[in-house]
1. Looking at (1) open to solvent by 20 Å² or more (accessible area, probe 1.4 Å); (2) assigned to a loop (DSSP other than H, G, I, E, B), which is the only condition GLY69 fails?
2. Looking at region 1-18, which of its residues are assigned to a strand (DSSP E or B) and crowded, with 17+ Cβ neighbours inside 10 Å?
3. Here is a check on your reading of the model: is PHE87 open to solvent by 30 Å² or more (accessible area, probe 1.4 Å) and not charged (D, E, K, R)?
4. Would you tally the residues in region 19-63 being closer than 21 Å to LYS89 by Cα, among the charged types (D, E, K, R) and not in a loop (DSSP other than H, G, I, E, B)?
5. Restricting to region 82-92, and then to whatever is part of a loop (DSSP other than H, G, I, E, B) and touching a residue at least 60 places away in the same chain (Cβ under 8 Å), can you tell me which residue is nearest to the chain's Cα centre (by Cα)?
Amino acid sequence: MFGVGKHLKNTVRIARVAEREGIRLRSGLELEDISKRLEAAGVMNYISDTPTQYLCNEAYWFSLQKYRGTVVFIHIPTTKNIDDSFFEKMKVALG
C-alpha cells in the first residue's frame, strides 16, 4: 500500500505498525529486506514504528487484520519533493 508523506523529500517511510484504540498491529513482512532493496536502487528510506493518525493508519490497520500481517504501507513524497529519478529508482527497487 502507498500513501503520501507531505514532509518527506526523496525519502520513503516504511510503516511497521498501525494503531487503533491503543492496540498496535505489526506487519509480518521482512521490512528490512524491502528497505535494503530500496537502498540498493538508490531510494533513501527508513522503517517507522510511529503510526500516523490519519486515513493511512486506518487503511493499514484494516489491511493488517484482513491479510494477517502480510501487507506493508509505504509513504512516498509529494511530487514537488522528489527529483526526476525517484520513480525510476522505485520501479527498480519494487519491480
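The values are calculated or read from the model by the stated rules, or taken from the named source; none is laboratory data. No experiment lies behind these values; they were computed from the predicted model shown. Note: ideal-geometry Cβ built from the backbone for every residue, glycine included; neighbour counts use all protein chains shown. With ligands, DNA and RNA removed, areas are computed over all heavy atoms of the protein, side chains included. Shrake-Rupley method; radii C 1.70, N 1.55, O 1.52, S 1.80 Å.
1. With respect to (1) open to solvent by 20 Å² or more (accessible area, probe 1.4 Å); (2) assigned to a loop (DSSP other than H, G, I, E, B), GLY69 is out only on (1).
2. Correct list: GLY3, THR11, VAL12, ARG13, ILE14, ALA15, VAL17, ALA18.
3. When the stated conditions are applied, PHE87 passes them.
4. Number satisfying all stated conditions: 5.
5. ILE82
Table: residues versus (1) open to solvent by less than 40 Å² (accessible area, probe 1.4 Å); (2) in contact (Cβ under 8 Å) with a residue 24 or more places away in the chain; (3) small (Gly, Ala, Ser); (4) more than 15 Å from PHE2 (Cβ to Cβ).
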{"site": "LEU25", "(1), (2), (3), (4)": "no, yes, no, yes"}
{"site": "LEU29", "(1), (2), (3), (4)": "no, yes, no, no"}
{"site": "GLN53", "(1), (2), (3), (4)": "no, no, no, yes"}
{"site": "ASN57", "(1), (2), (3), (4)": "yes, yes, no, no"}
{"site": "LYS80", "(1), (2), (3), (4)": "no, no, no, yes"}
{"site": "LEU94", "(1), (2), (3), (4)": "no, yes, no, no"}
